[in-house]
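The values are calculated or read from the model by the stated rules, or taken from the named source; none is laboratory data. Computed from a predicted structure; not experimentally measured. Neighbour counts run over all protein chains shown; Cβ positions are idealised from the backbone, glycine included. Just so you know, the surface numbers come from the protein's heavy atoms only, side chains and all, with ligands and any DNA or RNA stripped out. Shrake-Rupley method; radii C 1.70, N 1.55, O 1.52, S 1.80 Å.
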Amino acid sequence: MSGGAVGSGAVSGGAVSGGAVSGGAVSGGAVSGGAVGRRQLAGYAIGSVGTGIHSTVPGLLLLYFMTDALGVPAGVAGLVVALPKAWDALFNPTVGAASDREALRTGRRTRILLAGALALPVAFAAMFLSPLTGSGAAAWVAVTFVLASSAFALFQVPYVALPAEMSDRPEVRTRIMVWRIVCLTVGILVAGGLAPAVVSLAGDGRRGYAVMGAVVAVLLLATLLVPALGARRVPARPGPEPLGLRAALRTARGNRAFFALLGAFVLQAAAVAIMLAAAPYTAAYWLGGYGLTSVLFVCLVAPSAVAVPLWGRAAARWGRLRCLTAATALFVPASAALWPAAGTGAVHVGAVLALCAVLGVAYAALQVLPLSLLPDTVHADAARTGRLQSGAFTGLWTAGETAGLAAGPGLFSLALAAAGFASSTTDHPVAQTPAARAGVLLGFSLVPALLMLASLPALRAYGRRRAAAPAVVVDSLAGEVS
């Protein structure tokens, strides 16, 4: 992994002091204007296999685990999923500020990365080991989910901060993001395809979920330790004392392009999260059985593994924002079409899987392109304010992402409760009413389409704000249409 950690450096005339930018490169090794080697790219990107696994499995299975294996009512289960994520929205910016302080004190972000890499697997396995049912199980999952989410933040926030510090060239950062999102897609694919299958192979029910939690924990440990340990060999030369969290938040308020991009990303994250939460329910109650969850997920994610590098090439030719807008527009009708396709039941499973493949192509762009645009807003803010606050902005970004991922299953669970969905345990299944089944299908189709449609005005606002970026940043993007 290449990069190192840049603290806040004063910008004067387009140059960052304390690791100064001169001629498009930062001296001292903090930010490199040149290419990043394949070994460095791979060492950084493999961490995204682990982040993809952790981001996917709870969103895909945790709600269903509680309502259909532990007997937790849908409304309560939704709160359990959402409340820990609300904690993350507060905790992640704090981790971002701490990451910047660590870079200043030690010249690296290693300790926070390593703490998250070691703690997350343990907390993740514990989420699926509840010895209780009903309200006791809800409390168990809530506590362990908070611990897992906190551990994930310790790794994710400094990890996401690194690309802005690995290169000051947008085309290089886009390449870093392509590698990262390819690995993220692999992690998502492994998680969504493997986790439900392990549950079934291990006998379903609470035992199946416990085995799955242990298997996933081992995968998390193996993939997160690589970039965490590799960070020890990456020297950072931060500049002056970074801003405190409150001061950073006050400064960030003026970065309107960042908040427009973040707003679009949050809506899109919520749309995908609702669809993921609804997938096992749709498989179980509309398509013929829970076992189709893995098939649905693979059809959704596998095309994105191929599409990510294609979107990267398309973005280099036509512009990242233009391609992101096109992918969002593609997602809307494909998601809406799932309503009539899945509503006909098992007869048209093939049509559902084909639509999921189309969504997977769009999903690839929704993953890689916002993250490749994020560092631009960080550098634009540095030109505007005189401070490079990578940790603060990525803390806000991951907090927003977390809020979107929490809102998805939270809203879906409330919709299930309103539609009369009845919780059950593995030993005592419950037949659902037509209204409850309709609520499941809405969450899998029309609601994600509406949220994705709502993100388009925010993307347009980002484009307007981006056009008004400081000249130093616009010059650095010469030749790229964003």
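Here are the numbers for this structure:
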{"quantity": "Matching residues, the range 179-217, being at pLDDT 90 or above and either hydroxyl-bearing (Ser, Thr, Tyr) or touching a strand residue (DSSP E or B) at 6+ places or on another chain (Cβ under 8 Å) (or both)", "calculated": "TYR209"}
{"quantity": "Residue identified as in contact with a strand residue (DSSP E or B) (Cβ under 6 Å, 6 or more places away or on another chain), closer than 23 Å to GLY134 by Cβ, surrounded by fewer than 24 Cβ atoms within 10 Å (Cβ to Cβ) and modelled with pLDDT of 85 or more among GLY71, GLY75", "calculated": "GLY71"}
{"quantity": "Count of the range 274-298 residues which are farther than 17 Å from ALA327 by Cα, in contact (Cβ under 8 Å) with a residue 40 or more places away in the chain and not in a loop (DSSP other than H, G, I, E, B)", "calculated": "17"}
{"quantity": "Conditions (1) in a loop (DSSP other than H, G, I, E, B); (2) touching a residue at least 40 places away in the same chain (Cβ under 8 Å); (3) of a type outside the set (S, T, N, Q): number failed by PRO309", "calculated": "(1)"}
{"quantity": "Residue identified as open to solvent by 10 Å² or more (accessible area, probe 1.4 Å), in a helix (DSSP H, G or I) and under 26 Å from PRO58 (Cα atoms) among VAL160, VAL141, VAL172", "calculated": "VAL160"}
{"quantity": "Any hit, the range 262-285, residues being in contact with a helix residue (DSSP H, G or I) (Cβ under 9 Å, 6 or more places away or on another chain), under 30 Å from ASP100 (Cα atoms), surrounded by fewer than 20 Cβ atoms within 10 Å (Cβ to Cβ) and at pLDDT 90 or above", "calculated": "yes"}
{"quantity": "Residues that are closer than 14 Å to ALA86 by Cβ and surrounded by fewer than 24 Cβ atoms within 10 Å (Cβ to Cβ), drawn from the range 405-416", "calculated": "ALA407, LEU411"}
{"quantity": "Matching option when the condition is within 19 Å of the chain's Cα centre (by Cα) and open to solvent by less than 10 Å² (accessible area, probe 1.4 Å), among ALA327, ALA305, ALA342, ALA315", "calculated": "ALA327"}
{"quantity": "Criterion (closer than 19 Å to GLY289 by Cβ and among the β-branched types (Val, Ile, Thr)) met by exactly one of VAL198, VAL190, VAL211", "calculated": "VAL198"}
{"quantity": "Residue identified as in contact with a helix residue (DSSP H, G or I) (Cβ under 9 Å, 6 or more places away or on another chain), among the aromatic types (Phe, Trp, Tyr), in a helix (DSSP H, G or I) and open to solvent by 10 Å² or more (accessible area, probe 1.4 Å) among PHE152, PHE124", "calculated": "PHE152"}
{"quantity": "Members of the range 262-282 found to be of a type in the set (S, T, N, Q) and under 13 Å from the mean Cα position of the chain (by Cα), listed by number", "calculated": "GLN268"}
{"quantity": "Residue that is least open to solvent (accessible area, probe 1.4 Å) [pool: residues in the range 84-100 that are charged (D, E, K, R) and under 12 Å from VAL146 (Cα atoms)]", "calculated": "ASP88"}
{"quantity": "Enumerated helices (runs of 4 or more DSSP H) restricted to the range 417-482, each holding at least 2 residues that are modelled with pLDDT of 80 or more, open to solvent by 80 Å² or more (accessible area, probe 1.4 Å) and among the aliphatic types (A, V, I, L, M)", "calculated": "446-467"}
